[in-house]
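Comments concern the structure below.
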Amino acid sequence: MELEVRHLRALCAIADTGSLHKAARTLGMSQPSLTTQLRRIENSLGAELFSRERTGCRPTPLGRSVLSRARPLVEQMSALVADTRAAAARSAEGPQLRIGATASRVIGGWLRRLRTRLPETDTSLHVDVSARSLLRLLAAGQLDVAFVHEVEGSALPVPDGLGQRVLVQREPQFIAMSRDHPAAARSVVELADLATDRWMIDPAVDGEWDGVQRVFAAVGLSPPVLRGDYNTAASLIVMGEAVAPCQPTSGPRDDMAIRPLRGDPLAVRLLLVSRPGFTEAAAVYADLEAAYRDAAMRAPGYRQWLLRNESPLLAGSAVA
């Protein structure tokens, strides 16, 4: 006899209830049928899995070992069934758009445009600091599109078969610092001005630490580094305990200064990646491009940077 998931489920029920009678009721079968099934399972494995006692059934040492491996399989099968049924129900309800993105101020405007364009579509959002994780979900068919950034010098491994559209070929990374930082008085900051500051890096962001390390190595500097998430970084920056790279679209704050770096040594490439056969990629990209332009225009420091660099974004054309 080959073991099936139903057999593993029966073993778990017996262990959970401690009784063949109670387990049979839980499984919706008669006690004699369950007793026969347990005997066949034990014969198949060649060992007794439960000790039958007057007070009920107790797993033997081998039974506990089998149960420790059976439970995850039963749980995974239950999750598979539940997820499949949920997906089928969603499909029956109407079209879906599953979006993934790394953190960005652009996301809100992008979603608003998508819901206006596709009012009958159920749009979901999955945010992750790791672009690689989002690309894996995309390749597995769990997302339709992903808006991700690729740190300059740290190429993202984009799985074969996925479509790619470049939103911004080279977006400069600005620096966030406290309002009373000496460098905050300048409109453009030199790297040397920040050489003695603690730099806050999120190790979960693919390529961020490597990018910062390369930039400082190129100029012979080695500032102290702290590792933590964006929320921790913000609190430390405001207190003057750290500085950190940030997106140029980051909005102005009363308690924080955001400045460009001289020469823009830190940069990322912004990509929209889509699953194979996704027919709405062009429309989704157009909404993302418009949302990015709006976010850029609302960030004073970035708007000034775009003016200095004569970016075509200012003319409303494609970002380059």
Practice task
Go through (1) in a loop (DSSP other than H, G, I, E, B); (2) free of Cβ contacts under 8 Å to residues at least 40 places away in the same chain one by one and return the number of the condition Ala10 breaks.
Solution key: (1)
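Does the range 293-303 include one or more residues that are in contact with a strand residue (DSSP E or B) (Cβ under 6 Å, 6 or more places away or on another chain), of a type outside the set (Lys, Arg) and modelled with pLDDT under 95? It would help to see each step written out before you state the result.
Let us first name the residues in the range 293-303 that are in contact with a strand residue (DSSP E or B) (Cβ under 6 Å, 6 or more places away or on another chain), namely 301.
The next check asks that each one be of a type outside the set (Lys, Arg); those that pass are 301.
Retained after the next criterion (residues that are modelled with pLDDT under 95): 301.
Looking through the range 293-303, at least one residue is in contact with a strand residue (DSSP E or B) (Cβ under 6 Å, 6 or more places away or on another chain), of a type outside the set (Lys, Arg) and modelled with pLDDT under 95.
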Problem - Residue among Arg54, Arg69, Arg136 that alone is charged (D, E, K, R) and under 27 Å from Pro276 (Cα atoms) - result: Arg136
Exercise for the section: Quick one: count up the residues across the range 90-102 that are open to solvent by 40 Å² or more (accessible area, probe 1.4 Å) and either modelled with pLDDT of 90 or more or in a loop (DSSP other than H, G, I, E, B) (or both). Expected result: 2
Practice task
Please find, among Leu138, Leu226, Leu156, Leu143, the residue that is at negative phi and in a strand (DSSP E or B).
Solution key: Leu226
Handout entry: Ser51 among the small types (Gly, Ala, Ser) and not in a helix (DSSP H, G or I)
Key = yes
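Only residues that are in a helix (DSSP H, G or I) and open to solvent by less than 20 Å² (accessible area, probe 1.4 Å): list them for the range 112-135, please. Full working, then the answer.
To start, the set of residues in the range 112-135 that are in a helix (DSSP H, G or I) comprises 112-117, 131-135.
Across the range 112-135, the qualifying residues are Leu114, Ala131, Leu134, Leu135.
Would you check if there is a residue in the range 14-26 being surrounded by 13 or more Cβ atoms within 10 Å (Cβ to Cβ) and at positive phi?
yes
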Exercise for the section: State yes or no: is Leu73 touching a residue at least 60 places away in the same chain (Cβ under 8 Å), open to solvent by 70 Å² or more (accessible area, probe 1.4 Å) and of a type in the set (A, V, I, L, M)? Expected result: yes
Handout entry: the range 185-199 residues that are in contact (Cβ under 8 Å) with a residue 40 or more places away in the chain and open to solvent by less than 30 Å² (accessible area, probe 1.4 Å), paired with ones that are of a type in the set (D, E, K, R) and in a loop (DSSP other than H, G, I, E, B) (beta carbon under 8 Å, 6 or more apart)
Key = Val188/Arg262; Val189/Arg262; Leu191/Arg262
Exercise for the section: Being touching a residue at least 12 places away in the same chain (Cβ under 8 Å) and either closer than 17 Å to Arg262 by Cα or of a type in the set (Phe, Trp, Tyr) (or both) is the filter here, so list the residues in the range 200-222 that pass it. Expected result: Trp209, Gly211, Val212, Arg214, Val215, Phe216, Ala218, Val219, Leu221
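The values are calculated or read from the model by the stated rules, or taken from the named source; none is laboratory data. Given the structure is predicted, the values throughout are model-derived calculations rather than measurements. Reconstructed Cβ throughout: ideal geometry from the backbone, glycine too, with neighbour counts over all protein chains shown. Note: areas computed on protein heavy atoms with side chains; ligands, DNA, RNA excluded. Shrake-Rupley method; radii C 1.70, N 1.55, O 1.52, S 1.80 Å.
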